[in-house]
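Bear in mind these aren't lab numbers, they're just calculated from the coordinates by the rules spelled out. Computed from a prediction, not measured in an experiment: that's the story for all the values here. When we count neighbours, we look across all protein chains shown, and the Cβ atoms used for this are built from the backbone with ideal geometry, even at glycine.
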Amino acid sequence: MIRDSLRFFDKLAFTVLLALAISGLVLIYSASHSLVYNTYFSRQVLWFFIVVIVFFIVYRLKTELVFDYSFPVYVGLVALLALQLIVGTIIAGTKSWIKVSFFSVQVSEFIKIPLALYLAKTVTKITLIDWRSYSRLLTIVGIPFLLIALQPDLGTAFMLCSFLLIIAFLKKIRTVIIVFTLVTIAAGGFIGYNYLLKPYQKDRIISFLNPEKYKKSSGYQIIQSKIAVGSGGLVGKGYLNGTQSQYKFLPTRQTDFVVAVLGEEFGFLGISFLFVLFFLLFYRQFNIKVQSDEEFYYVYFFNGLILFQFLVNILMSVGYFPIMGVPLPFVSYGGSSLLSFFIGEALIFRIKANPFLND
């Protein structure tokens, strides 16, 4: 069985995943090697080896078993998110972390997997999205969304909305529900901006529209990122030679703005290489044969989430989207993010191999 599972293992897609993760290590080293207390690179290397081992453990799991346990795992992680609001460790102004030994685990990254699995099971039973099914889907996504937003981590919470967008594209939905949703979003945006958002969150939205006006405050990151990407030209300034990143003008360069480091040091060709890797990944992972509707929806939910987060991060880095603290999948620093994405992809690799396996 092990020989068969490896025989039908998508080696090209896995090579792409490794190439993305290793590219991340290269960029994280460049972004952080000049720091006095630099543990970013060494921690990410350790996470990389852990992630590869966990990937193959998850790949061996039976898909039916994974779907069967999706709801209990979803409930368990929701409970952890609620607990995190009480005992979570505050890092960068949010209670997004639980301290485990010398690691900090971000629970909100892992909720994406059982959420995608449980939504896939739920959507399979729905032919037309009416008010009843609409309420159920909103509840499933809304509970973790609210708990993550309260940390507050609006970037990660916003990524969960991609599931609802994908459902809207894949399923029939009543027109009145679409109209109701759009009106609710508009009203919620108005109320949220005026009464719920904190001053720094409002500043991020305002500075996105006119960063030059806020170049000494909330617009600083966008301006520095655009300078870094633009100054790279065709081939970049060379590895470890980027001025914005090496002289620390660019904040959070190892996480949210890692693509700016890539653009500055490797130029248009480096960013093009990154785009090719993601294109190959999406091409391989979307074009697969599945044995059930549940598998179909999970593949589209999880890959759609990665695509959505990829686009938001890229647009954020070049000033076409508000800064939301959204890392680049597989590339940005963060062990929890890397592990969750690899686990989610391992399940898709297993789904791809299922038609050729007997157990």
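At a glance:
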| item | result |
| --- | --- |
| Spin-label pair TYR220/LYS202, simplified geometry with 7 Å Cα→Cβ offset, distance in nm | 2.1 nm |
| Set of segment 8-48 residues, backbone N closer than 20 Å to the point 7 Å along the Cα-Cβ line of LYS99 | 37-40, 43-44 |
| Cα→Cβ-extended label distance, 7 Å offset, between ALA186 and PHE321, nm | 2.4 nm |
| Sites THR39 and LYS125 - FRET efficiency at Förster radius 35 Å, r taken between beta-carbons, to 0.05 | 0.15 |
| Amide H within-cut-off set for ILE173, under 5 Å, with H built and near neighbours excluded | ILE129 |
| Lysine pairs in segment 66-141 with Cα atoms under 25 Å, if 8 or more residues apart or on separate chains | 4 |
| Within straight-line cross-link reach of LYS216, lysines at Cα separation under 21 Å, skipping those fewer than 8 residues along the same chain | LYS198, LYS202, LYS226, LYS248 |
| Entry for log10 I(q)/I(0) by the Debye sum over Cα atoms at q = 0.08, 0.15 Å⁻¹ (calculated from the structure that is shown) out of (i) -0.41, -1.45; (ii) -0.45, -1.23; (iii) -0.51, -1.20 | (i) |
| Point-to-point label distance, LEU18-LEU234, nm (Cα→Cβ direction, 7 Å offset) | 3.3 nm |
| Cleavage-rule hits, trypsin sites (Lys or Arg not before Pro), segment 251-349, DSSP coil, Cβ neighbours within 10 Å at most 11 | LYS289 |
| In segment 68-138, chymotrypsin sites (Phe, Trp or Tyr not before Pro) in a DSSP loop with at most 10 other beta-carbon atoms within 10 Å | PHE102 |
| Among PHE301, PHE145, PHE275, residue whose mean-square fluctuation peaks in a GNM of the chain (springs only between Cα atoms under 10 Å) | PHE275 |
| Estimated dipole of the chain in Debye, rounded to 20 [Cβ of Lys and Arg +1, of Asp and Glu -1, Cα centre] | 300 debye |
